[in-house]
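Report on one structure; see the data block that follows.
What follows is calculated from the coordinates using simple rules that are stated; it is not laboratory data. Computed from a predicted structure; not experimentally measured. Every residue, glycine as well, gets a Cβ built from its backbone with ideal geometry; the counts of neighbours run over all protein chains shown.
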Amino acid sequence: MDSAFWSRMLTEETLAFHIIWAAIGVGVPIFISLAEFIGIRKKDPHYTLMAKRWTRGFVITVAVGVVTGTCIGVLLSLLWPTFMQLVGNVISLPLFLETFAFFFEAIFLGIYLYTWDRFKNPYLHWLTSIPVIIGSTLSAVFITTVNSFMNTPAGFKLDKAGKVVDIDPIGAMLNPATPSKVGHVVSSSYLVSGFLLAGLAAFFILRGRKHIYYKKALKLTMITTFILCIATIAMGDISAKFLAKHQPAKLAAIEWHFETSKGAPLVLFGKLDPETHEVKYAIKIPKALSILATNSPDGTVIGLDKIPKHLWPPLYIHYLFDTKISIAFYLLFIAALFLFLWIWKKGNPFHPILLYGIIAAAPLSFVAMELGWIFSEVGRLPWIITGIMKVGEAATTAANVKLMYFLFTGLYLVLAIVAVTVLLRLFKGKTAEAELASYKEVS
Amino acid sequence: MSLELIGITVLWIFLYGYIIVASIDFGAGFFSYYSYLTKKEHIINKIIDRYLSPVWEVTNVFLIFFIVGIVGFFPDTAYYYGTALLIPGGIALILLTIRGSFYAFANYGGRESKFFLFLYGMTGLFIPASLSTGLTISEGGFIVQSGEQIHFLAGKLFQSPYSWTVVFLAIVSILYISASFLTYYANKAGDRLAMEQLRKYSLFWSGPTILASVLVFWGLSHHNPIHFAKAWDIRWVFACSFVCFLIAVLLMWKRKLFGLSFLTVMLQFAFAFFGYGYSHLPYLLYPYITIQSGLTNTTMGWALVIAFIAGLVLLIPSLILLMWLFLFNAKYVKNEK
């Protein structure tokens with residue numbers, strides 16, 4: 001195995017681990033801020049406590065997000081020096097801006113954490129949560145523009161000697177993939193965070209906690225999550241149209257669409273014969289792919305026949321995509337069901353079966369996020385920057401990448417174990433009821 | 001001022017900022033652990049926690065900013081240093097990760113742990129040691145290019161006396177900077193016992209800091225005579241640094257004006273660091289990259305400068321707010337709030 005292989009392994013592992021914490025870091029502040037605001041507005045200490053408890057867990061996850069983010073930030077230069085040389089010339093602006101956004105977030109997170117009782121007007125403290133949200137969301141936006149650039153490079157030209165010329169930093173940032181990708185990444189980060197918090201509340205209710213606090217937490221998170229589900233799926237649809245136009249190879253590989261055709265069907269599930277490219281056991285929805293990709297039942301969708309075979313992305317991404325989409329619809333179903341049972345007077349949104357469904361949704365939403373990221377990255381292969389640079393050309397020539405891979409694997413394992421242990425210990429024996437009771441004694 | 005000079009100046013200011021804030025943090029970790037070993041933790045740990053809790057996240061950002069900035073302004077550095085620094089950079093990263101996360105675990109996790117404290121103390125010494133190799137490598141002789149291949153001569157780095165003097169300077173400097181700042185902070189908090197203890201540390205590490213600086217010059221004169229000659233041309237800058245050092249130690253000794261004393265420590269390092277950086281120019285990596293040859297294209301360069309100014313407009317008020325709330329707020333420092 002060469003350096004390029006181990007560089008890929010280490011990058012994949014670091015990102016797979018980082019995005020879990022990063023998504024929590026981007027999404028949870030929204031819910032904290034919302035809870036604190038409702039708490040002040042309604043003068044309801046339950047919501048204030050909610051914000052405080054979520055924050056307490058949040059700082060642990062942020063810490064892991066920060067350190068793993070530092071890792072990937074530096075590893076990019078260490079593992080992909082040739083790639084970063086080009087990146088430095090064309091798309092370093094958003095990387096630079098991301099640092100500022102994160103800096104901004106870090107400063108206000110410090111302020112938010114340590115000023116709960118320092119202002120007479122409670123809205124002042126709530127206000128400090130806004131820069132945290134802006135900073136973390138902008139970090140996600142800027143980083144995603146770099147990933148978008150890798151998918152659809154723009155804002156520069158290559159001259160005959162292969163040197164980059166005519167650079168337009170803003171054009172590179174606002175490349176064709178940026179709108180759909182940024183929307184999808186941001187809304188899904190909010191979404192997985194919502195399901196994480198909802199799953200926790202559901203878990204405690206199932207465990208027999210009777211206090212209204214948990215029901216309030218579940219309501220707040222599930223209603224917000226329903227809206228986010230719709231937004232995320234809408235963003236996914238925009239992504240399909242974008243892919244059809246700008247990255248036909250990826251879309252064709254996802255859909256096992258081998259022949260360019262009009263009125264193309266959507267292939268759901270199924271099994272591919274790797275030799276004959278025959279698809280078995282699949283559900284085919286006539287014309288659906290054309291509708292998704294072009295908004296017209298007779299639209300033409302480019303197939304893999306138009307792509308040279310050595311530039312095909314791996315075809316297994318179809319399985320990843322199908323699993324992800326199935327989960328997405330499951331999440332929408334659960335959120336809609338909760339909303340329906342809540343609005344319907346006779347319904348019981350706290351029925352144990354539904355609660356189990358919500359608990360399952362929490363880890364599933366993270367699985368969907370990981371799968372979405374993997375299929376999007378694998379779908380770009382063999383390119384690291386579509387049409388410009390291949391993965392193999394970009395990797396470091398240094399030896400010892402394998403050693404680094406094993407060191408970092410150990411590090412992430414330890415981090416995951418310790419972070420989870422610390423989180424469990426943090427809330428062990430400290431129920432919300434007990435905390436509320438102790439507040440009352442103080443006041 | 002030309003674009004490449006603006007770029008390197010901005011980056012150098014950030015690296016300087018990192019050296020100061022990270023030194024305080026690294027040293028604090030070591031003192032925490034040392035005072036635990038010598039059963040004095042009740043004296044100084046409260047002060048250290050009080051300062052570090054709200055600012056730890058900010059420290060890392062300075063480093064990331066420098067790394068992202070240098071790749072942005074001088075993309076060739078990614079190619080050369082990226083290849084060469086895989087091992088030292090990777091190790092520094094692992095240590096930084098352990099340090100940052102375990103600090104948060106100990107601090108927000110609600111339970112003190114001796115093991116966390118140990119990790120926090122030890123990583124504080126090893127991180128600067130591994131990061132300082134970046135500066136050593138920049139002097140040339142440790143990276144060679146043959147054709148398209150970049151080779152890093154790790155064995156040579158380990159045997160180089162210059163390399164070890166830099167490591168020595170890095171370690172003693174953090175202890176000195178950290179102790180000087182924490183003395184000031186303890187004094188402000190009105191914590192006399194902690195102040196006296198930290199003052200002792202500060203005075204103790206002042207001598208080795210100057211000794212290490214002299215050794216680095218001696219090492220440099222052998223390793224890279226061209227750079228040394230350029231540094232000698234601006235020897236007045238290093239003389240200023242030394243004068244600041246004397247004032248700082250004198251004030252510390254007399255227990256007067258701890259704030260001013262720390263300010264002169266900062267100036268001492270500012271003179272030395274910018275003197276070093278200025279005489280290093282135009283090279284970013286002897287003899288392969290200069291700030292002219294490595295510069296990104298002009299459009300990107302100016303875009304980065306504009307982004308930088310816009311970023312500062314946002315960050316400086318925020319940083320002032322942070323400092324006003326925690327660093328210079330007497331009630332917070334004295335634990336009344």
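If you bin all the Cα-Cα distances of chain A at 20 Å, starting from zero, the percentages per bin are 23, 53, 22, 1. Backbone phi angles across segment A:260-273, fed through the Karplus curve with coefficients 6.51, -1.76 and 1.60 (θ = phi - 60°), yield HN-Hα couplings of 4, 7, 8, x, 6, x, 8, 9, 10, 6, x, 9, 9, 7 Hz in residue order; Gly and Pro are listed as x. A simple rule links phi to the HN-Hα coupling: the Karplus curve 6.51 cos²θ - 1.76 cosθ + 1.60 with θ = phi - 60°, which for segment B:4-9 gives 5, 6, 4, x, 5, 5 Hz, with x for Gly and Pro. For a Förster distance of 25 Å, can you work out the FRET efficiency between the beta-carbons of A:Glu259 and A:Ile238, rounded to the nearest 0.05? With a Förster radius of 25 Å, E is 0.45. Spacing of the modelled spin labels on A:Phe427 and A:Phe340, each 7 Å from Cα toward Cβ, amounts to 2.9 nm. Legend: helices of chain A (whole DSSP H runs) are marked when their alpha-carbon atoms reach 24 angstrom or more along the helix axis and their mean Kyte-Doolittle hydropathy is at least -0.5; marked are A:3-42, A:45-79, A:92-114, A:129-151, A:178-206, A:212-246, A:317-343, A:352-378, A:401-427. Computed packing ranks the peptides A:371-378, B:172-179 as B:172-179, A:371-378, most packed first, by mean other Cβ atoms within 10 Å.
Taking the helices alone, chain B has a mean residue ellipticity at 222 nm of -28000 deg cm²/dmol, built from -39,500 (n - 2.57) per DSSP H run of at least 4 residues and averaged over all its residues.
Taking Cα centre as origin and charging only the Cβ of basic (Lys, Arg, +1) and acidic (Asp, Glu, -1) residues, the dipole magnitude of chain B rounds to 1340 debye. Selection among A:Gly372, A:Pro382, A:Leu426 by position relative to the dipole of segment A:285-442 gives A:Leu426 as farthest towards the positive end (Cβ unit charges, Cα centre).
Using only Cα atoms, tell me the angle between helix B:235-253 and the longest principal axis of chain B; keep it within 0 to 90° and round to the nearest 10. Long axis of B:235-253 versus the principal axis of chain B: about 10 degrees. The fraction of Cα-Cα pairs per 5 angstrom bin, counted from 0 for segment B:73-170, comes to 2, 12, 19, 19, 15, 12, 9, 6, 4, 1, 0, 0 percent, rounded to whole percents.
Counting only other chain Cβ atoms within 10 Å of each residue's Cβ, the peptide A:106-112 averages 6. Lys/Arg Cβ at +1, Asp/Glu Cβ at -1, dipole of segment A:1-103 taken about the Cα centre: which of A:Thr48, A:Ile19, A:Ile72 is farthest positive-ward? Of the options given, the answer is A:Thr48. Helix B:114-138 and the longest principal axis of the Cα set of chain B meet at an angle near 30°. Per-residue shielding of A:159-167, expressed as the average number of other chain Cβ atoms within 10 Å of the residue Cβ, stands at 2. Simple point charges give the picture: +1 on the Cβ of Lys and Arg, -1 on the Cβ of Asp and Glu, and for the protein assembly as shown a dipole about the Cα centre of about 2720 debye.
How about segment B:1-50: which trypsin sites (Lys or Arg not before Pro) there lie in a loop by DSSP and see at most 16 other Cβ atoms within 10 Å? Filter output for segment B:1-50: B:Lys39, B:Lys40.
Extension gain for B:Ser2-B:Asp49 works out to 12.6 nm (0.36 nm per residue, less the C-alpha to C-alpha distance). With each run of n ≥ 4 DSSP H residues scored as -39500 (n - 2.57), what mean residue ellipticity at 222 nm is computed for chain A after dividing by its residue count and rounding to the nearest 500 deg cm²/dmol? Helix-only estimate at 222 nm: -24500 deg cm²/dmol.
If you plug the beta carbon distance of A:Lys402 and B:Ile316 into 1/(1 + (r/R0)^6) with R0 = 41 Å, you get a FRET efficiency near 0.40.
Remark: chain A carries a charge dipole of roughly 1540 debye about the Cα centre, counting +1 on each Lys and Arg Cβ and -1 on each Asp and Glu Cβ.
For a paramagnetic label modelled on B:Tyr278 (point 7 Å from Cα along Cα→Cβ), amide N atoms under 17 Å away belong, within segment B:241-264, to B:241-245. If I take R0 = 35 Å and measure r between the Cβ atoms of B:Gln149 and A:Leu315 in this structure, what FRET efficiency does the formula 1/(1 + (r/R0)^6) give, to the nearest 0.05? Efficiency, from the Cβ-Cβ distance: 0.50.
Judged by the ratio a/c of the largest to the smallest principal axis of the C-alpha gyration tensor, the protein assembly as shown counts as oblate, that ratio being 1.5 or greater while a/b is no larger than b/c.
Direction-averaged projected area, Cα convex hull, segment B:1-103: 7.9 nm², rounded to one decimal. Of the peptides A:279-288, B:92-101, the ranking by mean beta-carbon count within 10 Å, highest at the top, reads B:92-101, A:279-288. Straight Cα distances below 20 angstrom link A:Lys160 to the lysines A:Lys390, with same-chain residues fewer than 8 positions distant left out. The spacing between segment A:57-126 and segment B:256-274, judged by their C-alpha centroids, is 29 Å. Note on B:59-69: average number of Cβ atoms from other chains within 10 Å of each residue's Cβ is 6.
Taking a threshold of 25 Å on the Cα-Cα distance, which of the pairs A:Lys120/A:Lys428; A:Lys262/A:Lys306; A:Lys157/A:Lys324 fall above it? Check vs 25 Å cut-off fails for A:Lys120/A:Lys428; A:Lys157/A:Lys324. Give me the lysines in straight-line cross-link reach of A:Lys345: C-alpha distance below 18 Å, same-chain residues under 8 apart excluded. List returned: A:Lys215, A:Lys216, A:Lys219.
Relative to the longest principal axis of the Cα atoms of chain B, the long axis of helix B:161-188 lies at roughly 30 degrees.
Using a cutoff of 8 angstrom between alpha carbon atoms and counting only pairs six or more residues apart, the relative contact order for segment A:325-443 works out to 15 percent.
Placing a label point 7 Å from the Cα of A:His351 along the Cα-to-Cβ direction, no residue of segment A:201-242 has its backbone N under 11 Å from that point.
In percent, rounded to a whole number, the relative contact order of chain A is 20, using alpha-carbon pairs under 8 Å and six or more apart. Packing-based ranking of B:290-296, A:199-205, B:190-196 yields A:199-205, B:290-296, B:190-196, ordered from highest to lowest mean Cβ neighbour count within 10 Å.
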